[in-house]
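Reading through the structure tokens given below for one structure.
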């Protein structure tokens, strides 16, 4: 398929240019021209008042792989130092729903860790756990991980593979997708099955701004996706649930990289916004001095301070406080967003919080789209009032 | 030491928004910049070159206007700039992009390939590790410090969730880098002047020898089905009145749901 402009019909009005999310339409000699940035999303087709933009469809490609034989959902169950990462349980929750919808099985692959971890995965919803019981897997190393997972996928042929969008998943999953010549969609916020085609609908934030995109892997298998921690809800924990655990010895897998040391830097002093039940977050509108006010509000509520990207970039607060796509994903009971407009990169990091209170002077700010409660006003007026009223309410 | 830095020209896109009613984009004169993470990759390349000797090439895949990003890289001091451009690349996802870039890197030859950890428009962080796989070389992602580099050997710190790992690798290797790695330099006036006149090396699909089936949309396993604006929460409550009245209403509401 390709999208082209009929130069005879094009009047050079530039209407189409603003509709293109990929900045792929440029003007040349007074006519629109679609360049290499085009992702064939087709949005521009309806934008042209002259009907000068059209799609050229080619007959279905003969190179399409035979997709029959691929079935089931496989979750990569990440562990660090033998302990399962929480995202593994969240992926089992999401994977269980997809597998049930397809009427197929849910399996998990566990590299390293021990039998009790394998059993835990069964209790959280896996039907089969493939446990590569090899101590060398306890440390993450890209090449052995990529080799083991690729070989496993080639043998078991799952239709869907899910992994956490963690430093580990985001590092080695691309190698697996490249090797298997299949699609990998990063940071999905929603995964569903298309009832007609049985394809996986992978929704992810795209293009910097407030945009979501649905991505398909229509002609390749498996359909691989990563999901950030705390975006999906865990399934039900069923102690005593029965499933099959298959122990596999993978033998010696060579690697050209070697992890010679692991340094833990998380001190008691560093903020752990992952664990916090209440987060008071500030954006550009807060200013450097304003963060002192947010700290006071956070301490009244026994919470911690978070931030959108701008204050971190400005150096007002350290990176460990950053919430959002390039920072941390959080899911507290209460999230108070002060002076944060709500770019989608920030929203994906906090929108699954139980209660979101947004304070912003602009009633049109996108943060209000995800808010439970919205206060429109000047935060330098509102925040001190919040401090005062919450103090009163708590009898401080 | 031959170093190739892969860079991407991106819209400075913090202000791009979508109109939820028409599903069209509101984009007001957003300028193009070098992806910020790639600036750190360029700086790392220059620093390694200054220590070990050799040269640094900046490589980008994109339309002709991506030349702007390459000229900026030249002004910072890279020795060579390469534009990989072909209409046939249209619709490329991370797989097809990485495949084409790997083809270009093969032609150029490299001991160390540097990429930013991700581009700020796509945010996938996939192209770097995929290039390494296509070149059949190791990679280390999220590099925050380069501890040692010498002939055939490198040792780096890799940022992890709870701290960092110290990782060593043979060369050639591909590294994706994070902001903590360094502070990118500013272009010098001399550099800017030289960059204006410098010749940009151009490559197309024939130069990298990639077949039809692996190019652009055809070579891309993933496809964009549609794009849309995020939904508005159905049960949200917007308070009204003065700041004091709104705060009072909020506190009452939170008492109601037993949150206070």
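Observations, loosely collected:
- Boolean, residue B:111 is free of Cβ contacts under 8 Å to residues at least 12 places away in the same chain and surrounded by fewer than 24 Cβ atoms within 10 Å (Cβ to Cβ): no
- The set of residues in the range B:36-65 being surrounded by 24 or more Cβ atoms within 10 Å (Cβ to Cβ) and over 28 Å from residue B:153 (Cα atoms) consists of B:61 alone.
- Within the range B:125-146, the set of residues being assigned to a loop (DSSP other than H, G, I, E, B) and surrounded by fewer than 24 Cβ atoms within 10 Å (Cβ to Cβ) comprises B:136, B:137.
- Counting residues in the range A:217-236 that are free of Cβ contacts under 8 Å to residues at least 24 places away in the same chain, within 8 Å of chain B (Cβ to nearest Cβ), touching a strand residue (DSSP E or B) at 6+ places or on another chain (Cβ under 8 Å) and not in a helix (DSSP H, G or I) gives one or more.
- Residues in the range A:21-40 that are under 25 Å from the mean Cα position of the chain (by Cα) and more than 7 Å from chain B (Cβ to nearest Cβ): A:22 only.
- Filter result for the condition that a residue is crowded, with 24+ Cβ neighbours inside 10 Å, farther than 19 Å from residue B:105 by Cα, at pLDDT 95 or above and more than 8 Å from every other protein chain (Cβ to nearest Cβ), over B:149, B:156, B:167: B:156
- Any hit, the range B:10-26, residues being at negative phi and at pLDDT 85 or above: yes
- Within the range A:161-195, if we keep just the residues that are more than 16 Å from residue B:223 (Cβ to Cβ) and assigned to a loop (DSSP other than H, G, I, E, B), the residue that is nearest to the other protein chains (Cβ to nearest Cβ) turns out to be A:166.
The values are calculated or read from the model by the stated rules, or taken from the named source; none is laboratory data. Just so we're clear, the structure is a prediction, and the values are computed from it rather than from any experiment. Here the Cβ is made from the backbone with ideal geometry for all residues, glycine too, and neighbour counts use every protein chain on show.
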